[in-house]
Amino acid sequence: MQFRLVGLSGIGRVFIFRQFYKGPKEKGGVFMSVYNKPLPAQVKGTVTKEYWEALKEGKFKFQKCDNCNTSIFYPRVVCPSCMSEKLSWKEASGKGEIYSYTVVYKAINPAFKEDLPYTVGLIDLAEGIRVMGNIIGTDDPESLKVGQAVKIEFSKVTDDFTFPVFRVVEEANQS
Amino acid sequence: MSIKGKAAIVGVAETDSWYTPELSPMDMMAITAKRALDEAGIDKSEVDGLFSASAYYYMSTLSLGEYLGIVPRYTDSTTIGGSSFVSHLLHAAAAISAGLCNVALICYGSSQRSDAGKLVSMSEQNPFEDPFGSLYPISSYALATRRHMAQYGTTSEQLAEVAVAARKWAMKNPKAWKREPLTVQDVLNSPLISSPLRKLDCCLVTDGGGAVVLTSAERARTLKQKPVYLNGAGESHFHRGISMMPDLTETAAKVSGESAFKMAGVDRSDIDLLMLYDAFTINVILFLEDLGFCAKGEGGPFVSEGRIAPGGQLAVNTNGGGLSNSHPGMLGIFLIVEAVRQLRGEAGERQLSKCDVALVHGNGGTLSSQVTAILSKEPS
Ligand SMILES: [Zn+2]
């Protein structure tokens with residue numbers, strides 16, 4: 001097995017020293033390459049760490065304000081509605097619907113080239129928060145509908161980061 | 001106390017060409033600053049308020065003051081994206097009314113085209129958007145477009161009408177970057193970049209710089225140019241990243257527009273020219289709605305049948321806008337320059353037969369910062 005030690009992206013990005021399994025492309029060998037798409041910068045001990053750690057366990061966590069009951073995303077230390085500091089973590093059901101989406105046909109960052117065309121969506125989760133993520137599970141992304149049901153899945157991209165992705169719910173299973 | 005009519009634009013300038021590899025962004029600021037001051041008949045030594053925003057200079061008024069040898073009493077590098085320069089108008093008028101400065105110089109320069117089209121940006125990372133390959137900023141506007149289509153039935157043809165109207169105006173502007181005829185079908189035939197937005201729904205990538213000189217209304221009346229008064233202005237924002245925009249079909253232009261109209265004390269029907277920040281075709285539709293020129297959701301039909309093109313009922317972006325004239329990274333200052341030229345009657349072939357009051361609307365980020373200014377030939 002060969003490992004390549006790799007580089008960095010620009011200012012504000014983390015240094016990435018990870019390898020990413022891409023599957024056996026050649027007989028008898030396993031190609032290793034890097035995950036070179038943007039990753040969140042150091043989350044260290046900040047409030048967002050809870051969110052990223054939960055994703056690694058297959059849970060989508062968000063906050064709720066103990067004072068005014070507002071659902072909060074992204075993670076914060078004060079409620080954007082009432083400024084309370086008393087916020088509790090909740091786990092989302094993972095059910096949601098497409099608020100809007102775009103299909104991307106051109107890669108500005110070459111790391112995304114192999115995925116073209118791919119779909120970026122804004123998903124309204126049942127718990128009242130909106131999240132950006134990739135939408136998967138359709139061969140014809142332009143036929144997706146605003147309001148269409150999706151459910152969350154978890155995509156591990158490195159040992160440190162797992163991202164939420166949203167799979168289109170088949171119409172037969174929607175009821 | 002209101003700043004209505006307290007300050008006036010007395011000098012404007014932009015670079016001669018939209019491709020100037022021989023000029024740095026700061027060179028562009030300097031050369032247009034000189035021309036705008038010459039046009040106003042004001043000596044550099046009188047400039048005591050400096051305003052700028054930039055993707056190149058982290059502390060842009062510091063660099064500008066150093067380059068030009070200007071020592072301001074009031075300095076403002078507010079950077080809220082492309083709308084910054086419309087915001088500077090508001091801040092400068094407030095500073096002038098409060099006696100904090102007498103002559104304000106607002107400058108911008110960008111070599112975006114010479115930089116090979118790279119989007120120069122000092123933007124911080126957004127860990128909740130960047131990992132998903134959302135193209136900045138196109139995909140954000142595409143998300144707003146898709147939602148507007150789903151909610152109100154807006155069509156790609158209607159978006160294309162915006163681009164076609166801009167091109168028709170540009171064909172009357174000898175300096176416009178794109179002047180060849182354009183049809184709705186041409187726009188629809190251009191490749192999708194981030195659906196539903198196509199290549200020709202997107203603004204140009206050019207070089208360019210501009211400068212605006214503002215002073216008190218009293219001083220303005222003694223100078224050689226016809227003063228253009230700032231009679232109303234307002235600014236606001238709902239969000240930074242598109243995923244946090246509460247409703248993708250409604251921008252904070254609703255707030256900034258209300259403030260500006262209230263201050264100016266004019267109606268929509270009093271506006272002879274709209275200069276709307278057209279980074280993408282959807283922008284014009286959203287701003288016409290949010291500024292109250294048509295009802296929410298009716299922007300698509302409103303821009304159809306040539307209504308905003310030359311000869312239409314409402315003049316929008318008479319220089320060709322960001323879609324066909326120029327778009328050097330940030331557009332705000334060029335919207336102001338065109339409005340001033342129309343109000344002074346200096347717009348050549350594209351001059352409107354009547355232009356007494358103009359609205360300039362700046363947008364920044366991803367439909368984020370919204371700034372509206374109402375400019376007029378009269379101080380009330
Ligand atoms: Zn609260």
Pseudo-spin-label distance A:Ser81 to A:Tyr105, built 7 Å along Cα→Cβ, given in nm, is 4.1
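Going through segment B:229-319, which GluC sites (Glu not before Pro) have at most 12 other Cβ atoms within 10 Å and a DSSP loop state?
Qualifying residues, ordered by number: B:Glu305.
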Segment A:95-175: relative contact order in percent, alpha carbon pairs under 8 Å with at least 6 residues between
30
List the pairs from A:Lys95/B:Lys296; B:Lys4/B:Lys178; A:Lys106/B:Lys178 whose alpha-carbon separation is above 25 Å, in the order I gave them.
A:Lys95/B:Lys296; B:Lys4/B:Lys178
Can you give the FRET efficiency for A:Lys44 and B:Lys262, using 1/(1 + (r/R0)^6), R0 = 51 Å, r = Cβ-Cβ distance, to the nearest 0.05?
0.65
Using only C-alpha positions, report the orientation-averaged shadow area of the convex hull of segment A:43-91, nm², one decimal.
3.1
Assertion target for B:Leu214, B:Leu273, ordered by fewest C-beta neighbours within 10 angstrom first, is B:Leu273, B:Leu214
For Cα pairs less than 8 Å apart in space and 6+ apart in sequence, what is the mean separation divided by the residue count of chain B, i.e. the relative contact order in percent?
27
B:Lys354 versus B:Glu22: modelled label distance in nm, points set 7 Å from Cα along the beta carbon direction
4.5
In whole Å, how far is the Cα centre of segment B:82-109 from that of segment B:135-163?
33
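Explain nothing, just the number: relative contact order of segment A:43-91, from Cα pairs under 8 Å at least 6 residues apart, as a whole percent.
34
Please identify every one of the trypsin sites (Lys or Arg not before Pro) in segment A:65-103 that sits in a loop by DSSP and has no more than 12 other beta carbons within 10 Å of its own beta carbon.
Hits after loop and neighbour filter: A:Lys86.
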Descending semi-axes in whole angstrom, ellipsoid equivalent of segment A:31-175, from the Cα gyration tensor:
27, 21, 13
Straight-line reach only, C-alpha to C-alpha below 16 angstrom: list the aspartates and glutamates that A:Lys145 could link to, leaving out same-chain residues fewer than 8 apart.
A:Glu97, A:Asp124, A:Glu170, A:Glu171
Does segment B:290-380 come out rounded, prolate or oblate, given a ≥ b ≥ c as the square roots of the eigenvalues of its C-alpha gyration tensor, rounded meaning a/c under 1.5 and, failing that, prolate meaning a/b above b/c?
rounded
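For chain B, which span is the longest to avoid every loop-located (per DSSP) member of trypsin sites (Lys or Arg not before Pro) having at most 13 other Cβ atoms inside 10 Å?
That gives B:225-353 as the longest site-free run.
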So which GluC sites (Glu not before Pro) in segment B:1-62 pass both tests, a DSSP loop state and at most 13 other Cβ atoms within 10 Å of the Cβ?
B:Glu22
Any chance you could get the radius of gyration and Dmax over the Cα atoms of the protein assembly as shown, in Å?
24.6, 85
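Read-outs throughout are calculated quantities, based only on the coordinates presented, and are distinct from any laboratory measurement. Nothing here was measured: the structure is a model prediction, and the numbers come from that model. Every residue, glycine among them, receives a Cβ derived from its backbone with ideal geometry; neighbour counts consider all protein chains shown.
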